[in-house]
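Inspection log for the structure reproduced underneath, given as structure tokens.
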Amino acid sequence: MHCIDRLMAQENHPHLLETALSDDSSAAPPCVLVFNANDPCGAGGISADTLSCASVGAHALPVVTGAYMRDTAEIFDHIAFDEEAVTEQARSVLEDVTVQVIKVGFCGNPENLSAIAEIATDYAEVPVVAYMPNLSWWEDEKIDAYLDAFRELILPQTTLLVGNHNTLWRWLLPDWSNERSPGPRDIARAAAEVGVPYVLVTGINQPDQHVENVLATPHTVMATERFERFDAVFTGAGDTLSMTLASLLAAGTDLEAATHEALAFLDQSLNGGYRPGMGHLLPDRLFWAELDDEGHEDDGPATAEDFSLPRHETKH
């Protein structure tokens with residue numbers, strides 16, 4: 001039945017409206033509850049999460065934890081929301097919408113992390129994807145307090161931890177003394193000590209201008225992707241990757257397949273990156289919506305389905 005026909009039928013038979021709404025709700029996309037800060041330049045934060053989530057066919061439920069003071073070149077400051085405001089946002093939507101995955105980005109202070117940990121505890125059946133960004137722009141005392149709280153409160157409930165190799169190394173293995181750099185399994189072992197079963201370690205430097213990204217557990221390497229390093233500086237790559245991965249898991253994609261697909265999505269987003277200001281490049285998370293000069297003029301714009309891999313059961 002076409003949309004117009006349905007509307008006309010509902011006018012003549014109001015009882016059909018309830019059936020129509022029921023049909024529409026059954027086709028709703030998977031939902032990801034995401035905690036993150038607002039980024040006024042759109043590089044990362046809630047903006048990156050929402051675009052990345054929608055691009056792979058999921059629906060973001062954004063809970064704003066605070067706001068960055070920043071441009072495309074650097075972060076100047078951050079203002080955290082009150083933990084009660086964060087809690088009320090999340091509780092309100094959780095009482096209304098079924099959530100498949102929770103993603104935790106930058107939350108501003110230990111109080112917000114405590115509130116989020118309590119929420120995650122109440123929804124223990126929902127997997128948590130946690131992303132740890134580079135916090136070097138922040139004050140040392142605040143960094144230490146935040147990392148300690150994240151380790152104590154969030155990691156024990158985290159299913160998958162995502163972060164850059166250097167960031168995770170300095171955080172989880174601060175006393176590393178071996179001459180070689182810690183590998184993904186070393187980092188996974190450190191994460192497992194506080195309850196994290198899976199770690200995606202990104203940006204591992206390799207010869208010939210390549211970087212490696214590895215999904216690992218303490219016992220094995222589950223997936224590896226190597227990409228040529230871009231000759232540019234990007235902002236927002238970590239939020240893009242972690243939210244894309246969380247969204248694919250929410251859709252039921254197997255963890256290994258979701259990792260490959262999310263990394264491919266990030267690579268294409270970076271390949272189409274653009275510079276809206278005078279600072280760094282931003283990932284183009286809508287690259288799939290642009291016309292392909294070599295083959296999509298007649299068929300219309302590409303869609304996320306043109307890019308996606310087949311769905312599978314999520315592993316945790």
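The values are calculated or read from the model by the stated rules, or taken from the named source; none is laboratory data. Quick caveat: nothing in here was measured; it's all calculated off a predicted structure. FYI the Cβ positions are ideal-geometry reconstructions off the backbone, even for glycines, and counts take in every protein chain you see.
In this structure, THR202 does not qualify as farther than 19 Å from LEU266 by Cα and of a type outside the set (Gly, Ala, Ser). Pairs linking a residue in the stretch 18-40 that is more than 14 Å from VAL93 (Cβ to Cβ) and crowded, with 16+ Cβ neighbours inside 10 Å to a residue that is among the acidic types (Asp, Glu) and at pLDDT 95 or above, with Cβ atoms under 8 Å and 6 or more positions apart or on different chains, are ASN36/ASP49; ASN36/ASP239. Residues in the stretch 231-247 include none that are at pLDDT 95 or above and surrounded by fewer than 18 Cβ atoms within 10 Å (Cβ to Cβ). The strands (runs of 3 or more DSSP E) found entirely in the stretch 51-141 that carry 1 or more residues being touching a Ser or Thr at 6+ places or on another chain (Cβ under 6 Å) are 59-70, 128-132. In summary, THR87 fulfils each of the numbered conditions (1) out of contact with any Gly (no Cβ under 7 Å at 6 or more places or on another chain); (2) farther than 17 Å from VAL128 by Cβ; (3) modelled with pLDDT of 95 or more with the single exception of condition (2). Of the residues in the stretch 143-155, not one is under 20 Å from PRO30 (Cβ atoms) and touching a strand residue (DSSP E or B) at 6+ places or on another chain (Cβ under 6 Å).
The listed residues are TRP176, TRP169, and the only one of them that is out of contact with any strand residue (DSSP E or B) (no Cβ under 8 Å at 6 or more places or on another chain), among the aromatic types (Phe, Trp, Tyr), over 19 Å from VAL32 (Cβ atoms) and in a helix (DSSP H, G or I) turns out to be TRP169. Among all residues of the stretch 133-152, there is none that is surrounded by 24 or more Cβ atoms within 10 Å (Cβ to Cβ), modelled with pLDDT of 95 or more, hydrophobic (A, V, I, L, M, F, W, C) and closer than 20 Å to THR240 by Cα.
All conditions but one from (1) of a type in the set (A, V, I, L, M); (2) surrounded by fewer than 16 Cβ atoms within 10 Å (Cβ to Cβ); (3) farther than 30 Å from GLY277 by Cα apply to VAL128; the one that does not is (2).
In the list THR253, THR240, THR220, THR224, which residue meets the criterion of being touching a strand residue (DSSP E or B) at 6+ places or on another chain (Cβ under 6 Å) and of a type in the set (S, T, N, Q)? THR224 is the lone residue from the list that is touching a strand residue (DSSP E or B) at 6+ places or on another chain (Cβ under 6 Å) and of a type in the set (S, T, N, Q).
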